[in-house]
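Coordinate-derived values only; no laboratory data. If you're wondering where the values come from, they're calculated on a predicted model, not measured in any experiment. All Cβ positions, even for glycine, are placed from backbone atoms using ideal geometry, and neighbour counts span all protein chains on display.
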Amino acid sequence: MEQYELRPKDCNKNIQIALKYFPLENLFIRRVGSQGGGVIIDRNFDKNQELIIQCTKAGFEFGLRGVKKIFLFEFKKSPGDDYTWGKKWSLAYERVWRTKIAGSNGYGEKLNFASTGYPFPGSKYDGPDDQRLPEPEKTTLRCVNESYFTVITFAGKIPIRKTKYKMPGVCDYYEIDRARLPKNTASA
């Protein structure tokens, strides 16, 4: 899956927009490998369920409508540098190439793979909206801190745009493109 880095300062804003405007499918949280790798939460959502995420000084508090906190995804300052674990989120698209299988009525499927978002050196694609790419079937917001890996999955494509900010020496930061948000909210 190709992924696009979201600016840490704006991570909460992007998460809240996604929750408001796009159909939530799944919340998945597991321990990182060095912490045992076990699954903490793997929950599918239907239209009547609502995930609440609040940004606090301690981290992101995950909860369900009518239920207090179910999980705290902690922020933790990395010693000796400017990095805060738990604030660096990425947005990834799940795109599937479907090709007709010769001599059959079926189709073959293959996930599109890119180490980071388009364009990258040697890529033939221009960006996340390149018409030559299949339309994303799912969008995920993903983050890791020192202890947990968190994935929030939404149906369809969440539109993004490049910001004026760059990761130091690596790539551009992206944000959810408010100009292309759907007219109706997912919670409506």
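Output the residues belonging to the range 150-172 that are under 30 Å from residue 47 (Cβ atoms) and either among the aliphatic types (A, V, I, L, M) or not in a strand (DSSP E or B) (or both).
Those that are under 30 Å from residue 47 (Cβ atoms) and either among the aliphatic types (A, V, I, L, M) or not in a strand (DSSP E or B) (or both): 151, 152, 155, 156, 157, 158, 159, 160.
Quick one: would you say residue 139 is among the β-branched types (Val, Ile, Thr), outside any loop (DSSP other than H, G, I, E, B) and crowded, with 16+ Cβ neighbours inside 10 Å? Give the derivation first.
Values: among the β-branched types (Val, Ile, Thr): yes; outside any loop (DSSP other than H, G, I, E, B): yes; crowded, with 16+ Cβ neighbours inside 10 Å: yes.
Yes; evaluated as a whole, the condition is true for this residue.
Are any residues in the range 34-49 under 17 Å from the mean Cα position of the chain (by Cα) and not polar (S, T, N, Q), and if so, which ones? Spell out the reasoning first.
Of all residues in the range 34-49, those under 17 Å from the mean Cα position of the chain (by Cα) come to 41-45.
Across the range 34-49, the qualifying residues are 41, 42, 43, 45.
Among the residues of the range 27-50, write down those that are under 24 Å from residue 182 (Cβ atoms), surrounded by fewer than 17 Cβ atoms within 10 Å (Cβ to Cβ) and in contact with a Phe, Trp or Tyr (Cβ under 9 Å, 6 or more places away or on another chain).
Scanning the range 27-50 gives a single hit, 43.
In the list 171, 143, which residue meets the criterion of being of a type outside the set (Asp, Glu), within 17 Å of residue 9 (Cα to Cα) and over 15 Å from the mean Cα position of the chain (by Cα)?
171
So which residues in the range 161-179 are closer than 17 Å to residue 2 by Cβ and of a type in the set (A, V, I, L, M, F, W, C)?
Those that are closer than 17 Å to residue 2 by Cβ and of a type in the set (A, V, I, L, M, F, W, C): 167, 170, 171, 176.
I'm trying to understand the selection: among the residues of the range 146-158, which are of a type outside the set (Gly, Ala, Ser), surrounded by 14 or more Cβ atoms within 10 Å (Cβ to Cβ) and touching a Ser or Thr at 6+ places or on another chain (Cβ under 9 Å)?
Residues satisfying the conditions are 151, 152, 153, 154, 157, 158.
I'd like the full set of residues that are of a type outside the set (Ser, Thr, Tyr) and in contact with a helix residue (DSSP H, G or I) (Cβ under 9 Å, 6 or more places away or on another chain), limited to the range 161-188.
Listed by number, the residues that qualify are 161, 175, 176, 178, 181, 182, 184, 186.
Within the range 2-49, which residues are outside any helix (DSSP H, G or I), farther than 18 Å from residue 70 by Cα and among the basic types (Lys, Arg)?
Selection gives 7, 47.
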